[in-house]
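Bear in mind that the values in this text are calculations on the coordinates, not laboratory data. This is a predicted model, so every value here is computed, not measured. Heads up, the Cβs are rebuilt from the backbone with ideal geometry, glycines too, and the neighbour counts pull from every protein chain shown.
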Amino acid sequence: MRPRTAVIPVAGLGTRFLPATKAMPKEMLTVVDKPLIQYAVEEALAAGIERIIFVTGRGKEMLADHFDYVPELEGALRDRKREGMLQQIRALVPTPGCLLFTRQNEPLGLGHAVWCARHLVGNVPFAVLLPDDLVWPGAGEPPVMQQMCDQFEQLQQSMVAIMTVAQKETDKYGILDPAEQAGGTDRLVRAKGLVEKPAPHNAPSRLAIIGRYILAPEIFDLLGQKKTGAGGEVQLTDAMALLMRQHPIYGFRFQGTRFDCGDKVGFQMANLALAMEQKEMRERLLPFLGEQLAFWTAENKGT
Ligand code: G1P
């Protein structure tokens, strides 16, 4: 069995990107030519997900509009014979009824956002994708959620994407405490604990949770207890730590590069790296980057 449902929490205020996100959802920030939300939705669909639940908040209507038809725009593109772009715009609209919406009425944390989707998910394993984490797959690799769903088909256990981070960065992530015997393939690490944002000196490892999860539905009861953790919020990581008493949880070392698009520098890196993937852009960007490098490394600059 593969997960057929995904939850995408999109209620966050995006304060780190103000003023850009004052009137616009942070998930509409574009990396090259697509908004972050589109990368997440396309990744979910590529993995075979059939139902996508957006957990939204006030002011996020634009996200629903992005995946809907825009007749006047389509008419204009047709008149101008821009068939290619017309196809791209139309391909953005998922099969009717596949996108579902619910609201997180209070900003109580990621765990609470996921819990808000419980009635729409039902009693089945489901995926969670955090659109701030843009994960670009390695060359020849499928998108990360597809890698995870393929693995889930064999394992049938909850799992989270993980990557190794610097010791000083553990307080930005959920951190996995690996069991001595990892078991399975070397891409899977069985967890014996999970901690949200531990201080570097307390972190059980450097294995950080990245925003891709496949979870057993029993997590909803645990989230429903609404226990607050790090930052005074209901943390998904804490509920997973409790879920581990009932079911094993695995860390999944994905193939690909993760960009933290919730951070201004990570966001710029994503733009650069993905622009470089396109030949026409690369040819124009490389000389420019060379000039920038020379300019900023010149002796009299660098401050
Ligand atoms: C969330 C999760 C954290 C995870 C991170 C990945 O934190 O709570 O466990 O490591 O996403 O990006 P946030 O970045 O929302 O603070």
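From the helices alone, meaning DSSP H stretches of at least four residues, give me the mean residue ellipticity at 222 nm for the chain, per-run term -39500 (n - 2.57), in deg cm²/dmol to the nearest 500. Result for the chain: -9500 deg cm²/dmol, rounded to the nearest 500. Rounded, prolate or oblate: which fits region 78-181, taking a ≥ b ≥ c as square roots of the Cα gyration tensor eigenvalues, rounded meaning a/c under 1.5, else prolate when a/b beats b/c? Prolate, since a/c reaches 1.5 and a/b exceeds b/c.
Under a point-charge model restricted to the Cβ atoms of Lys and Arg (+1) and Asp and Glu (-1), what is the dipole moment magnitude of region 179-249 relative to its Cα centre, in debye to the nearest 20?
Value, rounded to 20: 100 debye.
Couplings 3J(HN,Hα) of region 206-213, computed from phi: 10, 8, 9, 7, 9, x, 9, 9 Hz, in residue order, whole Hz [Karplus 6.51 cos²θ - 1.76 cosθ + 1.60, θ = phi - 60°; x for Gly and Pro]. In region 34-63, which residues have a backbone nitrogen under 19 Å from the label point lying 7 Å from residue 153's Cα in the Cα-to-Cβ direction? Backbone N within reach: 43-51. The length gained by stretching the chain between residue 67 and residue 187 to full extension, at 0.36 nm per residue less their Cα-Cα distance, is 39.8 nm. The phi-based Karplus calculation (6.51 cos²θ - 1.76 cosθ + 1.60; θ = phi - 60°) puts the 3J(HN,Hα) values of region 43-58 at 5, 5, 5, 4, 7, x, 5, 10, 10, 10, 9, 8, 9, 9, x, 4 Hz, whole numbers, x for Gly and Pro. Ranked by how many other Cβ atoms sit within 10 Å of their own Cβ, fewest first, the residues 60, 22, 81 fall in the order 81, 22, 60.
With both labels modelled 7 Å from their Cα along Cα-to-Cβ, the residue 281 to residue 218 distance reads 4.4 nm. Cβ crowding within 10 Å ranks 205, 158 as 205, 158, fewest other Cβ atoms first. Centre-to-centre, using Cα atoms only, region 170-231 and region 1-24 are separated by 21 Å.
Other residues whose C-beta falls under 10 angstrom from the C-beta of residue 171 contribute a net charge of +1, scoring Lys and Arg +1 and Asp and Glu -1. Bridging of residue 227 to lysines at a Cα separation below 19 Å is possible for 197, once same-chain residues fewer than 8 apart are set aside.
With a ≥ b ≥ c taken as the square roots of the eigenvalues of the C-alpha gyration tensor of region 95-250, please select rounded if a/c is under 1.5 and otherwise prolate if a/b is larger than b/c or oblate if it is not?
It is rounded, given that a/c, with a ≥ b ≥ c, falls under 1.5.
Local charge for residue 132 was computed over the other residues whose Cβ lies under 11 Å away, with Lys and Arg +1 and Asp and Glu -1, and equals -1. Is the C-alpha gyration tensor of the chain telling us rounded, prolate or oblate? Criteria: a/c under 1.5 is rounded; beyond that, a/b larger than b/c is prolate, otherwise oblate. Oblate, since a/c reaches 1.5 and b/c is not below a/b. Within the same chain, aspartates and glutamates fewer than 8 places from residue 22 are excluded, and of the rest, those with a Cα less than 19 Å from its Cα are 61, 65, 106, 132, 263. If you take all other residues with their beta carbon under 12 Å from the beta carbon of residue 78, and give Lys and Arg +1 and Asp and Glu -1, the sum is 0.
Magnitude of the charge dipole for region 182-303, about its Cα centre and with charges confined to Cβ atoms of Lys, Arg (+1) and Asp, Glu (-1), is about 340 debye. Coupling constants for region 274-282 follow from the phi torsions by the Karplus curve (6.51 cos²θ - 1.76 cosθ + 1.60, θ = phi - 60°), and in residue order they are 6, 5, 5, 5, 9, 3, 5, 6, 4 Hz; glycine and proline get x. Annotation: amide H of residue 7 within the under-5 Å range of 53, 127, 128, 129, sequence separation 5 or more or interchain, hydrogens built in the peptide plane. Could you calculate the FRET efficiency of residue 166 with residue 33 from 1/(1 + (r/R0)^6), where r is the beta carbon distance between them and R0 is 30 Å, rounded to 0.05? Efficiency at R0 = 30 Å is approximately 0.45.
Applying the criteria of a DSSP loop state and at most 13 other Cβ atoms within 10 Å to the GluC sites (Glu not before Pro) of region 27-120 yields no site. Going from the fewest other Cβ atoms within 10 Å to the most, the residues 67, 295 appear in the order 295, 67. Relative contact order of region 19-68, taken over Cα pairs closer than 8 Å and 6 or more residues apart, is 42 percent.
Along the charge dipole of region 1-63, pointing to its positive end and built from +1/-1 on Cβ of Lys, Arg, Asp and Glu, which listed residue (44, 63, 10) has its Cα farthest out? Result: 10. Of the beta bridges in the chain, as assigned by DSSP with both residues counted there, near 60 percent are antiparallel. Projecting the Cα positions of 271, 234, 102 onto the charge dipole of the chain (unit charges on Cβ atoms of Lys, Arg, Asp and Glu, taken about the Cα centre) puts 234 furthest along the positive direction.
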